[in-house]
Amino acid sequence: MTDTSADLVILGGGSGGYACAFRAAELGLSVILVEKDKLGGTCLHRGCIPTKALLHSAEVADNAREGEQFGVKSSLAGIDMAGVNSYKDGVISRLYKGLQGLAKANKVTMVQGAGTFVGPNAVEVDGVKYTGKNVVLATGSYARSLPGLEIGGRVITSDQALNLDHVPEKVVVLGGGVIGVEFASVWASFGADVTIVEALPRLVPAEDEYASKQLERAFRRRGIKFKTGVKFTGATQSDTGVSVSLENGDVLDADLLLVAVGRGPNSAGHGYEEAGIEIDRGFVTTDERLRTNLPDVYAVGDIVRGLQLAHRGFQQGIFVAEEIAGQNPKVIDEAGIPRVTYCKPEVASVGLSEAAAKEKYGSVETFVYDLAGNGKSQILKTAGGIKLVKAPEGPVVGVTMVGERVGELIGEAQLIYGWEAYPEDVAPLIHAHPTQTEALGEAFLALAGKPLHVHG
Amino acid sequence: MTDTSADLVILGGGSGGYACAFRAAELGLSVILVEKDKLGGTCLHRGCIPTKALLHSAEVADNAREGEQFGVKSSLAGIDMAGVNSYKDGVISRLYKGLQGLAKANKVTMVQGAGTFVGPNAVEVDGVKYTGKNVVLATGSYARSLPGLEIGGRVITSDQALNLDHVPEKVVVLGGGVIGVEFASVWASFGADVTIVEALPRLVPAEDEYASKQLERAFRRRGIKFKTGVKFTGATQSDTGVSVSLENGDVLDADLLLVAVGRGPNSAGHGYEEAGIEIDRGFVTTDERLRTNLPDVYAVGDIVRGLQLAHRGFQQGIFVAEEIAGQNPKVIDEAGIPRVTYCKPEVASVGLSEAAAKEKYGSVETFVYDLAGNGKSQILKTAGGIKLVKAPEGPVVGVTMVGERVGELIGEAQLIYGWEAYPEDVAPLIHAHPTQTEALGEAFLALAGKPLHVHG
Amino acid sequence: APQGGYVPLAKPPVRKLAKDLGVDLRALTGSGPGGVITREDVEASLAAPVAE
Ligand SMILES: Cc1cc2nc3c(=O)[nH]c(=O)nc-3n(C[C@H](O)[C@H](O)[C@H](O)COP(=O)(O)OP(=O)(O)OC[C@H]3O[C@@H](n4cnc5c(N)ncnc54)[C@H](O)[C@@H]3O)c2cc1C
Ligand SMILES: Cc1cc2nc3c(=O)[nH]c(=O)nc-3n(C[C@H](O)[C@H](O)[C@H](O)COP(=O)(O)OP(=O)(O)OC[C@H]3O[C@@H](n4cnc5c(N)ncnc54)[C@H](O)[C@@H]3O)c2cc1C
């Protein structure tokens, strides 16, 4: 028989919930983790991992199509979606198995079923009450839609988009944020005709404007269409297609409409409000130490307002575990959480955009290094650049990058931001040639007043 | 008419020479740069850049061949070497143009011709003497051979290998160091039958043994043959092939023999010894501030014993320029120079190997993170891992990585090593999911005693 | 400090550590090469607070 009380009861086994569980277990706490579906949550089963698998298939397809540019006699006969899906599912199932092994190794008690929070400190599952000295809410998020736009048939969200058995010929993507541009990128690589509709004036509007400009230029070259600054007004579907109307009178016909207008917190229906937990427009309200208004009840991940990213969930989960164990961890700096958009080209950033930095510091120094000067990027035939934002007389407070594979440069950028490094700290560390990291190095050299390969 | 005297006269316009020239010019010094061939030297024209272009064509070819694994109906009809070469030459010529622009923008006086050093402080070119308050020797290196093994015909070095008009069917690569394994990797991807012969007991013998084991396993899977710990005894060539004999009696028949047994310093025939410059087994002797035994005469790059890497040349060139300008720069830590081998899978390292660290510290702590636990590496279907070496009660002093694309992770590793970070400094900075940088993050989390996704 | 020039007192992770611990680096004398303040200097300043 399973124990029904523990130091910690966690509701939801996604990125936030399981990271909290593992870390708490490491620190000697007993942990009960309640999950109604599959350990790993959105990220592993319907989010980060499957999308990145599709994006890699997309890269392979592009390479095959463009091999000639590199002297390779390759050709592309098409996409075998069954093959793509089995590749993707293979990756997921291997990682899923690993995660289950970790839960076991960490001696986390898994409870399968839908849980309801019951105050002051318990979660009920199928009539059994699991009581925790502490409770962590981690029920994540769901794909939102717009008022009057019902999901179904040809109107889909990422959930359905990840399991298509064919490549659509023509798609409209509603929303030019991270998820929207990633799917647009995949489908374009797979040969579809793609149009993105974004109400805000630019793609990836949460990023520095520099990133939007670079990405828009690259998408234009790739033939990905987008309409920005225009609102969606309605969609009607038939047996043969879906028709999307915009505020400006345009009507777009397509096979599919992907609704990627953001994710809503999954905070209703699990007893939160009923038990007196404060909710603000759907998000569970917490202080900077991730405490809800109820004692010993915490919340982590996508149900807490802020960046909706898996590794933010990890970080918050770890934070709460350490907090409960009395380690008094440092409050998380939300701006220090790295952000990567894995479309082609990739967008990666950490710290503040120029606009945000200006607001904070009054004036800032910026520098842009164009990937045209970077040997490895030339070899990859990718365009883009790196923009640094520096506080006056201070450290670098923002890094924004655009280009194929720049997502992997964010590790370095994150240390620089997190440790508040000055260009002068980075400059003496000459980077490996020829890598894309050199572009980052060159940008710091330039800001330190000692440019090496910088074209005026 | 060009001035024949300057603050600084530099002999050789490769990575070391031109970086020194640009930095000196930035610092207000007048510079004359003597180059007999092309600005950019070995790295740009016959080294780093062309090899990495070939390696990228190789990656594209592998992708096309293996597309099915990713659901992509791609196929590979072969390699068009003329196309490969024009792609490669296109990259070189764009970067070359850029470099010439930088020399101009920096107002470096370029002198075209073969120079001879004449003591105490001048370089003579075609009868004209260019006198410098300071002189920097930067004549680089050349591909070495073994005694009795003459280069010509089917016996080639990297210089010829970079300009082949066909893919050989069968190649023997003599030498399992960086250059050897890179060419072996390219040719294998292009469909050739490749055998590497290495006298030392393992491939990439300058790396931590962990890297050799991982690389050997990957090469075995790729069908790249290698014979380690066995000496070459001779080669004979005919119209139809080359026959390579080994000490153990084996005879290997091939179309080509690539000799990649290292590079020798190009220090003879340029007046060095004649002018009294101290030479030690071919290398120009310098102290840690890169001073030769003659006053105000420095040496940088491959003619100075140590790592033969382009960015070491950059770093040394910059160092000497700053030294001459009176900036008193910090002595370069050779171990802090990042090392990347761009074969498939890549090998990247910074700091000390476990063996070297043990020698220095007596005992060390190590941790290996297997890429099997890293989502992005699973998506790329690459195997490998990251090994950290930590000084007792001290910072991480060595990072060695093996896996596709890990070369780009060296930027982050380099900061950690260069800034003497502790695992506890890195641990709070949770890495972006799903990236390969996460593997580095996980390794540091584990060393800090808080593993997240680590399988026992 | 020299005009306009920025001279790091310590390497970034050590500066960050000092900041997190509330240690003012300007009050310390570095024992590292070139007068750089080391992690040990920061830790020592915590162990034995100097009189005002
Ligand atoms: C298409 C897509 C792509 C994405 N790509 C990335 C990316 O590349 N990188 C990135 O960092 N982030 C990405 N994200 C975001 C990432 O998936 C989320 O930020 C992350 O999953 C949030 O973790 P979480 O633990 O808060 O919630 P979730 O992962 O959503 O987990 C919540 C868990 O709680 C369970 N649950 C809910 N209610 C109950 C209940 N009542 N009882 C029991 N169990 C319950 C759910 O079944 C689920 O398993 C992506 C998201 C999507 C949709
Ligand atoms: C196949 C190959 C691949 C490589 N890959 C990499 C890599 O990926 N990454 C990396 O970091 N390193 C790599 N290297 C090593 C890198 O190329 C060298 O470390 C670097 O070029 C050394 O720079 P240098 O300035 O010392 O010499 P060089 O680049 O050799 O430059 C010396 C210059 O001096 C000129 N010169 C010589 N004698 C005279 C004279 N008497 N008068 C006038 N001019 C003269 C030459 O023409 C030449 O331009 C590679 C090398 C090879 C061969």
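The values are calculated or read from the model by the stated rules, or taken from the named source; none is laboratory data. Being a predicted model, the structure only gives us computed values, none of them experimental. Note that we place each Cβ from the backbone using ideal geometry, even for glycine, and neighbour counts take in every protein chain shown. In case anyone asks, the SASA skips ligands and DNA or RNA and just uses the protein heavy atoms, side chains included. Shrake-Rupley method; radii C 1.70, N 1.55, O 1.52, S 1.80 Å.
Results for (1) more than 16 Å from ligand 2 (Cβ to nearest atom); (2) out of contact with any strand residue (DSSP E or B) (no Cβ under 8 Å at 6 or more places or on another chain); (3) within 28 Å of A:Gly47 (Cβ to Cβ), shown as yes or no for each residue.
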| position | (1), (2), (3) |
| --- | --- |
| B:Thr400 | yes, no, no |
| B:Val406 | no, no, yes |
| B:Tyr417 | yes, no, no |
| B:Ala443 | yes, no, yes |
| B:Gly449 | yes, yes, no |
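When you scan the range B:422-432, do you find a residue that is among the aromatic types (Phe, Trp, Tyr) and within 18 Å of B:Ala348 (Cβ to Cβ), even just one?
There is no residue in the range B:422-432 that is among the aromatic types (Phe, Trp, Tyr) and within 18 Å of B:Ala348 (Cβ to Cβ).
Could you identify the single residue in A:Val172, A:Val155, A:Val167, A:Val178 that is β-branched (Val, Ile, Thr) and either at pLDDT below 95 or touching a helix residue (DSSP H, G or I) at 6+ places or on another chain (Cβ under 7 Å) (or both)?
A:Val167
Tally the residues that are farther than 21 Å from A:Phe232 by Cα and not hydroxyl-bearing (Ser, Thr, Tyr), restricting the search to the range A:193-218.
Of the residues in the range A:193-218, 9 are farther than 21 Å from A:Phe232 by Cα and not hydroxyl-bearing (Ser, Thr, Tyr).
Can you name every residue in the range B:51-107 that is of a type in the set (D, E, K, R) and either more than 7 Å from every other protein chain (Cβ to nearest Cβ) or buried (at least 23 other Cβ atoms within 10 Å of the Cβ) (or both)?
The answer is B:Lys52, B:Glu59, B:Asp62, B:Arg65, B:Glu66, B:Lys88, B:Asp89, B:Lys97, B:Lys104, B:Lys107.
Out of the residues in the range B:6-50 that are basic (Lys, Arg) and open to solvent by 20 Å² or more (accessible area, probe 1.4 Å), which is farthest from the chain's Cα centre (by Cα)?
B:Lys36
Tell me yes or no: at least one residue of the range A:39-47 is free of Cβ contacts under 8 Å to residues at least 40 places away in the same chain and within 16 Å of ligand 1 (Cβ to nearest atom).
no
Only one residue in B:Asp280, B:Asp287, B:Asp255, B:Asp239 is more than 26 Å from the chain's Cα centre (by Cα), at pLDDT 95 or above, more than 14 Å from chain A (Cβ to nearest Cβ) and more than 10 Å from ligand 2 (Cβ to nearest atom), so which one is that?
Only one candidate qualifies: B:Asp255.
Kindly establish whether A:Val320 is open to solvent by less than 10 Å² (accessible area, probe 1.4 Å) and either within 11 Å of ligand 1 (Cβ to nearest atom) or away from every other protein chain (no Cβ under 14 Å) (or both).
No.
So, in the range A:147-161, of the ones that are touching a Leu at 6+ places or on another chain (Cβ under 9 Å) and away from ligand 1 (no atom under 12 Å from the Cβ), which residue ends up farthest from A:Pro50 (Cα to Cα)?
A:Leu149
Determine which member of the set A:Ala6, A:Ala24 is away from ligand 2 (no atom under 16 Å from the Cβ) and within 12 Å of chain B (Cβ to nearest Cβ).
After applying the criteria, what remains is A:Ala24.
Check B:Ala448 against each of (1) crowded, with 23+ Cβ neighbours inside 10 Å; (2) more than 7 Å from every other protein chain (Cβ to nearest Cβ); (3) among the aliphatic types (A, V, I, L, M) and name the one condition it does not meet.
Among (1) crowded, with 23+ Cβ neighbours inside 10 Å; (2) more than 7 Å from every other protein chain (Cβ to nearest Cβ); (3) among the aliphatic types (A, V, I, L, M), the lone unmet condition for B:Ala448 is (1).
Here are some conditions: (1) closer than 18 Å to A:Arg221 by Cβ; (2) within 14 Å of another protein chain (Cβ to nearest Cβ); (3) within 16 Å of ligand 1 (Cβ to nearest atom). A:Ile196 meets all but one. Which one does it not meet?
(2)
State all residues of the range B:430-455 that are among the aliphatic types (A, V, I, L, M) and assigned to a helix (DSSP H, G or I); if no residue qualifies, say none.
Once the filter is applied, which keeps residues that are among the aliphatic types (A, V, I, L, M) and assigned to a helix (DSSP H, G or I), the range B:430-455 yields B:Ala439, B:Leu440, B:Ala443, B:Leu445, B:Ala446, B:Leu447.
Yes/no matrix, rows are residues, columns are (1) at the interface with chain A (Cβ under 8 Å from one of its Cβ atoms); (2) touching a Cys at 6+ places or on another chain (Cβ under 9 Å); (3) farther than 16 Å from B:Tyr342 by Cα; (4) part of a strand (DSSP E or B):
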| residue | (1), (2), (3), (4) |
| --- | --- |
| B:Thr382 | no, no, no, no |
| B:Lys387 | no, no, yes, yes |
| B:Gly394 | no, no, yes, no |
| B:Val397 | no, no, yes, yes |
| B:Thr400 | no, no, no, yes |
| B:Gly407 | yes, no, no, no |
| B:Gln414 | yes, no, yes, no |
| B:Pro428 | yes, no, yes, no |
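Test of understanding: among A:Leu162, A:Leu146, A:Leu137, which residue is within 14 Å of chain B (Cβ to nearest Cβ) and touching a residue at least 12 places away in the same chain (Cβ under 8 Å)?
Checking each option against the conditions leaves just A:Leu162.
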